[in-house]
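Enquirer: This is the structure I want to talk about, given as structure tokens.
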Amino acid sequence: MNWKTLVVIIATGLLLRSRKKRFMLSKNFGLDEFVKSSTAKQMGIDNTPGPMQIANLSALVQNVLQPLRDAMGFPVIVTSGYRSPALNQAIGGATNSQHMNGEAADIVGQDKAKMFNYIKDNLPFDQLIWEAGNSFQPDWIHVSYRAVGNRKQILQYTPGQGYKDI
Ligand SMILES: [Zn+2]
């Protein structure tokens, strides 16, 4: 465990004690954006990440999402971040979904194709998926990051047809 992980774990403890203050993972990304879920709220599912999931979210933000945000100059909006196993099951996520580890996020923004291409050409990632949409713009982007062993896998998801390498 490195010092950054330790800092995140300590910060999480402080966060749980005081929920009034927003816990920022970086300049532009707060932990709350990765945890909120309307499905979890509606269904009464606990979607609280543990220290390791928060450490993974932090690494995803530091290595991918904040550098992307800085390069784009427009907000990068997280539509799905951490998913507890119960939430992942409720929404029909993949059984091995990296969202459950805090290693993945679904994101949108002003120009999703530009975001996708910037990540592809400039940033470290494990899996990058062009989700639905058309050849000009995906509906959203799924991106994951691992501390070790990033596969640099680039996929396109087409509803009804599944995933293919691109
Ligand atoms: Zn996803």
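Please treat every number below as a calculation from the coordinates, not as lab data. This one's a predicted model, so the numbers in the text were calculated from it and none came from an experiment. Here Cβ is always computed from backbone atoms with ideal geometry, including for glycine, and neighbour counts include all displayed protein chains.
Enquirer: Using modelled backbone amide H atoms (1.01 Å from N, in-plane), which distant-in-sequence or interchain residues come within less than 5 Å of Gly30's amide H?
Expert: So Gly30 has HN proximity to Leu25.
Enquirer: Name the most mobile residue of Gly81, Gly50, Gly109, meaning the one with the largest mean-square fluctuation, in a Gaussian network model of the chain with Cα contacts below 10 Å.
Expert: Gly50
Enquirer: Turning to a different aspect of this structure: What's the exposure ranking of Ser38, Ser84, going from fewest to most Cβ atoms within 10 Å?
Expert: Working: Ser38 7, Ser84 20.
Sorted ascending by nearby Cβ count, the order is Ser38, Ser84.
Enquirer: Let me ask something else about it. So how much slack lies between Asn96 and Ala71, counting 0.36 nm per residue of separation and subtracting their Cα-Cα distance, in nm? Could you put the intermediate results ahead of the total?
Expert: Details: separation 25, 0.36 × 25 = 9.00 nm, distance 3.07 nm.
My answer for the length gained is 5.9 nm.
Enquirer: Something else now. Summing -39500 (n - 2.57) over the DSSP H runs of n ≥ 4 in the chain and dividing by its residue number, what mean residue ellipticity at 222 nm do you reach, to the nearest 500 deg cm²/dmol? Don't skip to the answer; put the middle values down first.
Expert: Details: 7 runs with 60 residues, N = 166.
About -10000 deg cm²/dmol.
Enquirer: Could you tell me the ratio Rg/Rh of segment 103-166? Both radii from Cα atoms, Rh via Kirkwood. Kindly include the intermediate steps, with their values, before the conclusion.
Expert: Details: Rg = 11.1 Å, Rh = 11.8 Å.
In segment 103-166, Rg relative to Rh is 0.95.
Enquirer: Here's something else I'd like to know. If the cut-off is 17 Å between C-alpha atoms, which lysines fall inside it for Lys112, apart from same-chain ones fewer than 8 positions away?
Expert: Qualifying lysines at Cα under 17 Å: Lys120.
Enquirer: Dipole magnitude of the chain about its Cα centre, charges +1 at Lys/Arg Cβ and -1 at Asp/Glu Cβ only, in debye to the nearest 20?
Expert: Around 540 debye, computed over the chain.
Enquirer: Please give the net charge around Pro124, taking every other residue with its beta carbon less than 12 angstrom from that of Pro124, where Lys and Arg add +1 and Asp and Glu add -1. Walk me through the numbers on the way to the answer.
Expert: Values: positive: Lys120, Arg146, Arg151, Lys152; negative: Asp121, Asp126.
With Lys, Arg at +1 and Asp, Glu at -1, the net is +2.
Enquirer: Please enumerate, by chain and number, the aspartates and glutamates with C-alpha under 14 Å from the C-alpha of Lys164, excluding those fewer than 8 residues away in the same chain.
Expert: Glu131
Enquirer: Hey, another quick one. For the chain, what is the Kirkwood estimate of the hydrodynamic radius, computed as the reciprocal of the mean inverse distance between distinct Cα atoms, to one decimal in Å?
Expert: Working: mean 1/r = 0.0614 Å⁻¹.
Computed over the chain, the radius equals 16.3 Å.
Enquirer: Which of Thr158, Thr5, Thr95 comes first, and how do the rest follow, when ranked by fewest Cβ neighbours within 10 Å? Kindly include the intermediate steps, with their values, before the conclusion.
Expert: Numbers: Thr158 13, Thr5 17, Thr95 8.
Ascending number of Cβ neighbours within 10 Å: Thr95, Thr158, Thr5.
Enquirer: Output ³J(HN,Hα) for segment 59-73: one whole-Hz value per residue in order, computed from phi by the Karplus curve 6.51 cos²θ - 1.76 cosθ + 1.60 with θ = phi - 60°, and x for Gly and Pro.
Expert: Per-residue couplings from phi come out as 5, 4, 5, 4, 8, 10, 6, 5, x, 5, 4, 5, 6, 6, x Hz.
Enquirer: With the cut-off at 31 Å, tell me which of the pairs Lys21/Lys152; Lys27/Lys114; Lys4/Lys36 have Cα atoms farther apart than that.
Expert: Values: Lys21/Lys152 36 Å; Lys27/Lys114 21 Å; Lys4/Lys36 24 Å.
Pairs exceeding the cut-off: Lys21/Lys152.
Enquirer: Also, quick follow-up: Please compute the alpha carbon radius of gyration of segment 77-128, then divide it by the globular-protein estimate 2.2 N^0.38 Å. Two decimals is fine. Please list the in-between numbers first.
Expert: Working: Rg = 12.4 Å, N = 52, 2.2 N^0.38 = 9.9 Å.
Computed over Cα atoms of segment 77-128, the ratio equals 1.25.
Enquirer: What percent antiparallel are the DSSP beta bridges of the chain, to the nearest 5? Please list the in-between numbers first.
Expert: Values: 17 of 22 bridges.
Roughly 75 percent of the beta bridges in the chain run antiparallel, per DSSP.
Enquirer: List, in order, the whole-Hz ³J(HN,Hα) value for each residue of segment 137-147 obtained from phi through the Karplus relation with A = 6.51, B = -1.76, C = 1.60 and θ = phi - 60°; use x for Gly and Pro.
Expert: Couplings: 9, x, 6, 7, 10, 9, 9, 10, 9, 10, 5 Hz.
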